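Below: the structure, in structure tokens.
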Amino acid sequence: ISMQFKGKKRWRIQAFPEIRHHFNATAFGDEQIYGGRQHVPWTPETEFTVGPGQCFVFPTGYLHETFVDPDTNDQQCYTASTYQFNHPRQVNLYRAFMSRFSMSHYGLGEPCLEKIESYATLLQETRRFLTAPDKEKMKAEAERVMKFIDSNGDGHFTNEELYNAFAKKNAKSRKEILGRGDFRYNWIKLLSPEQKDALTEEAMAVWVEDALQYHDVDRDKKVSLEELAYNFLHWNVIQSRSERLRSIRTRDAKGWVQEALKIEKEYLERFFCENPQVCPELEELERYGQHLSSSKKASKAAYRKIQSMMSGEEGDEVLTMVDRSSGSHEARKVSELRSEL
């Protein structure tokens, strides 16, 4: 949420674009949306102005550009503040855009998917979802978890059943929820014992509600075995795809690209294309693969880009720092600024 206290700020926004494969892997940090550096053009959906006393609420991943026109502000001055709410999680958005996020700087270089993992897996072991995607295996996993949660045996679990299974008296899972659910805020040490207990109870309720929403695809306030199996497979596909790419051993650019193309083709054929024989996205990947195979320079560029995103370098935002007294400008990376704090 961005709150405008003084002056006016003009916004332009665009939904997070589709990313079909890792060769379209994209970082959308400051200034990276310009100059044709992404696989899709910056095409704002709408433009509006936020004035004093107004605020704008926008979801994770929504691309946005702001501009303050000094000629339309009193004494060329404005004040605004932006806050990010970590909880409740935007679980429906994450589930819907998970594939796109996983192939952007959010999933490759930042811990965004790690923060949603406990909801997607219901605190199950990470390694269970890193193996090759297997529909029957994920269904069996869903059956095992459903049996543990579904106390009345009706084939669904509710908010109450989920709370009783993980958050009521299970000390181990309560501890996991606080950690894997990212509730261990840096200000917790300032709280009294009573306040810590209150925070813990609130965290349990929030995690349970968000976990239920993540898996409740049809929004009937309960989760069926079919929904749980679908979401487990969805997470399995996304995690195993990324893991296989990271596990390619060769450091030869051309060899790495060829292996990556095989992996991406396999996942598009199995999990994206309704009919692999008539699939424009697969045809686009194959044409791009032919281009990479015929150009050593292009192969190196693709290899370096994906590797830099996996290391977090590609998504490192660059901010322009302005000295108010002298008017001098300096470009600084966010990672550099953080290291100086």
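The values are calculated or read from the model by the stated rules, or taken from the named source; none is laboratory data. Keep in mind the model is a prediction, meaning the values are calculated, not measured. In this analysis, Cβ positions are derived from the backbone assuming ideal geometry, glycine residues included, and neighbour counts consider all displayed protein chains. Side chains included, ligands, DNA and RNA excluded: accessible areas come from the protein's heavy atoms. Shrake-Rupley method; radii C 1.70, N 1.55, O 1.52, S 1.80 Å.
From the largest down, the range 1-145 spans 64, 34, 22 angstrom on the principal axes of its Cα atoms. Once the Cβ-Cβ distance between S151 and E336 is put in as r, and R0 is 56 Å, what FRET efficiency do you end up with, to the nearest 0.05? Efficiency, rounded to the nearest 0.05: 0.60. Expressed per residue, the C-alpha convex hull volume of the chain stands at 190 Å³. Values of log10 I(q)/I(0) for the range 101-162 across q = 0.12 Å⁻¹ run -0.40, by the Debye formula with one identical scatterer at each alpha carbon and no solvent.
Per residue, the range 100-233 exposes an accessible area of 53 Å² to a 1.4 Å probe, with every protein chain left in place. Fully extending the segment from E284 to T131 would add 52.4 nm, taking 0.36 nm per residue of separation and subtracting the current Cα-Cα distance. Give the residues of the range 131-158 whose amide nitrogen is closer than 17 Å to a point set 7 Å from the Cα of S247 in the direction of its Cβ. 131-135, 137-138, by backbone N distance to the label point.
Candidate cross-link partners of K175 among the lysines, defined by an alpha-carbon separation under 21 Å and a same-chain spacing of 8 or more, comprise K115, K189, K196. Using the rule -39500 (n - 2.57) for each DSSP H run of four or more residues, divided by the residues of the chain, the 222 nm mean residue ellipticity is -14500 deg cm²/dmol. Taking 23 Å as the straight-line reach from the Cα of K262, the lysines in range (excluding those fewer than 8 positions away in the same chain) are K135, K254, K296, K297, K300, K305.
Peptides 200-210, 122-132, 64-74 ranked from most to least packed, by the mean per-residue count of other Cβ atoms within 10 Å: 200-210, 122-132, 64-74. Annotation for N186 and N164: the two label points, set 7 Å from Cα along the Cα-Cβ direction, are 4.1 nm apart. Expressed as a whole percent, the accessible surface of the range 9-112 that belongs to carbon and sulfur atoms is 48, based on a 1.4 Å probe.
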